[in-house]
1. So what's the Cα pair-distance distribution over segment 52-155, bin width 10 Å, in %?
2. Calculate log10 I(q)/I(0) of the chain for q = 0.06, 0.07 Å⁻¹, where I(q) comes from the Debye formula with a single equal point scatterer on each Cα and nothing for solvent.
3. By a straight-distance test (C-alpha under 30 Å), which lysines pair with residue 22 as possible cross-link partners, with residues fewer than eight away in the same chain excluded?
4. So which lysines can residue 235 reach, going by Cα to Cα under 27 Å and dropping same-chain residues fewer than 8 places off?
5. Note the per residue figure in Å³ for the convex hull of the C-alpha positions in segment 166-318.
6. Hey, what do the phi angles of segment 5-10 turn into as Karplus ³J(HN,Hα) couplings, whole Hz, using 6.51/-1.76/1.60 and θ = phi - 60°, x for Gly and Pro?
7. In whole Å, what is the distance between the alpha-carbon centres of segment 259-290 and segment 16-55?
8. Considering amide H positions built from the backbone, and no H for Pro or chain starts, which residues 5 or more places from residue 233, or on another chain, come under 5 Å of its amide H?
Amino acid sequence: SATQLRVMFGSPSDNGGDTITKYMIEWSTSSDFANAESSTHDYLAGGSPFFKNIEGLSTGVYYYVRVRAMNSQGYGISQSSTPSSLNPHQKPSPPTNVRLGVTSDSMLTIGWSPPLSDGGDSIAKYRIEWDTNPRFVSASNPPNKGYVDLGPSSRSYTVDLLSPEKSYYLRVYAINSAGSSQAQMSDPSWAFPRVQIPGAPYSLVCYPGDSTGVIEFSWQRPNVPNHGIQCFSDKDCPTPYGGSLPQTDGGEDISEYELEVNERPDYTGSDGRLESHTGLHSNLDNLYPGRMYYGRVLARNSVGSGKYSPSISCTAPL
């Protein structure tokens, strides 16, 4: 359990020519058994193997254990346990902050945070499960039903090849060496794939141009869908079947980018500009020399406009 270890041991191969009368079980958080605690086991009826529960331990702390036998001449040499140390632990609590986002008309993305308690043992993996039935007992075949196990550092996963005509339920488990946590349903508990607005462009930068009053801006295609959950912890969103670009565009091609530039950080100043671009670069001229300008950019598809990127600022050269 979370505060106990159980020791199992057998009789020694050599009793020293005398009857074994009891055993001493010692445990310590140090391999040299400094400040060790101990207990004896003297109920030997029925023979080995013998069992002893060590109670009142600290959850997650590794303890070294050894056992020695006693006859009328005293205690013999100790035998260390296998494994040499172990941590009292139990199953983890469920993952937290489990949220579900619609990525496109064929993808759903689920994100989560670690459980409040790992049960005293490291999380070994997370299991993501999805189904078209809220009790996860449908007779659906993959990809409409399934599960995947992910490493302990994973915090999101995208299920693809789904049907826009179906609703899907998703849940997450945390798993350590003691077993699986209870399932944690996503919030919302279900969703159906459908096209979305694009995510926000990222890596927006600006720098003075080669001429007076010119600022150049550049940015990158969205790398996170509009719902704000990374598709995966360690790679880009999947590409749709037959497509070539990650599905951070909401399932519809990005038709243009809108760059907004203004003299005020709240974009309410009279000296401002709004421009549309099909590429990832803009060269703004005729700006007031020496004035600082703020800029932000969004992506747009046939569904609508996504969120603006974080703002940046640059000063127009003199």
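1. Over segment 52-155, the share of Cα pairs per 10 Å bin runs 11, 27, 23, 15, 12, 7, 3, 1 percent.
2. -0.42, -0.52
3. Within the straight-line limit of under 30 Å, residue 22 reaches these lysines: 52.
4. Within reach: 125, 145, 166, 307.
5. On the way: hull volume 25.0 nm³, N = 153.
It is 164 Å³ per residue.
6. Those phi angles translate into 10, 10, 9, 10, 8, x Hz.
7. That distance is 78 Å.
8. It is 155, 156, by chain and number.
The values are calculated or read from the model by the stated rules, or taken from the named source; none is laboratory data. Since the model is a prediction, treat every value here as computed from it, not as a measurement. Quick reminder, even Gly has a Cβ in these numbers, built from the backbone with ideal geometry, and neighbours come from all protein chains shown. The area values use the complete protein model at the heavy-atom level, side chains included, leaving out ligands, DNA and RNA. Shrake-Rupley method; radii C 1.70, N 1.55, O 1.52, S 1.80 Å.
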